[in-house]
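A short reminder: the numbers here are calculations on the coordinates, not readings from a lab. Keep in mind that what you see is a predicted model, and the values were worked out from it rather than measured. With ideal geometry, Cβ positions are generated from the backbone for all residues, glycine too; neighbour counts draw on all protein chains shown.
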Amino acid sequence: MDKIEQAVRKVFAGLDANEVTMAQIAKSANVSLQTLYKYFGDKQTLFYTIMDIVLGRLAARIMDHLQGIDSVQDRLRKTLWVCFDFVDSHPDAVMVLSSVSASRIRNIAIYENKELIGAFLAVLEDGQNRGVLNDTVPLHILFDVFMGFISRLGLMHTIRQTETPINAEFDALFVILWRAISKPET
């Protein structure tokens, strides 16, 4: 499965999704085309399955970092660091994910993972209840700001092929994000 995952990430990162063929993936993975069709059926299923596996590993790391830390700011800080570490270590996955249309993103199962989304929303809700996060907007807005920050910075960092890891500027970036979602001073 590792060879197939690497091939999907490599081939989809280098081409427009509708240009990718199962034959290209099979060749890159050094497996037969018949094997891909047997286990995945079609290109879309293969793509979404592999992206779910990749993001599932990221989700597991995020869940680990949401546990055992009391401070909302520290939990969000750790989560952001894990996400940026993913950007630095999986630039091909960042490029592949950026090619998924908004109408199809939910085909990647991890985006519907109630445990992960619920845990993250619980952190944001805890922050609102403690008076440290903006409570004038719904939780989903805070979530979207957090995820949008990661998505845009991660994508542009990858597109620019920046040599320096994105986490090299982590402290300054976290300050920007924290100012965006923390409770405004009156």
Original post:
Does region 38-55 contain at least one residue that is farther than 25 Å from I176 by Cα, of a type in the set (S, T, N, Q) and either more than 19 Å from the chain's Cα centre (by Cα) or surrounded by fewer than 15 Cβ atoms within 10 Å (Cβ to Cβ) (or both)?
Top reply: yes
**OP:** Sort through L121, L116, L155, L97 and tell me the only one that's farther than 29 Å from A17 by Cβ and not acidic (D, E).
**Re:** L121
Original post:
Any idea which of (1) in a helix (DSSP H, G or I); (2) surrounded by 14 or more Cβ atoms within 10 Å (Cβ to Cβ) is the one A60 doesn't satisfy?
Top reply: (2)
Original post:
With respect to the numbered conditions (1) assigned to a helix (DSSP H, G or I); (2) under 30 Å from R179 (Cα atoms), which one is the sole condition not fulfilled by G68?
Top reply: (1)
Original post:
Does region 92-107 contain any residue that is surrounded by 14 or more Cβ atoms within 10 Å (Cβ to Cβ), of a type in the set (D, E, K, R) and touching a Ser or Thr at 6+ places or on another chain (Cβ under 9 Å)?
Top reply: yes
Subject >> Residue within region 76-98 that is under 13 Å from the mean Cα position of the chain (by Cα) and assigned to a loop (DSSP other than H, G, I, E, B) present >> reply: yes
Original post:
Just for region 15-48: of the residues that are touching a residue at least 60 places away in the same chain (Cβ under 8 Å) and out of contact with any helix residue (DSSP H, G or I) (no Cβ under 7 Å at 6 or more places or on another chain), which one is nearest to I159 (Cα to Cα)?
Top reply: D16
**OP:** Could you please find all residues in region 149-181 being hydroxyl-bearing (S, T, Y) and touching a residue at least 60 places away in the same chain (Cβ under 8 Å)?
**Re:** T158
**OP:** Give region 1-26 a look and list any residue that's of a type outside the set (A, V, I, L, M) and either surrounded by 14 or more Cβ atoms within 10 Å (Cβ to Cβ) or in contact with a strand residue (DSSP E or B) (Cβ under 8 Å, 6 or more places away or on another chain) (or both), or say none.
**Re:** E5, Q6, R9, K10, F12, G14, Q24
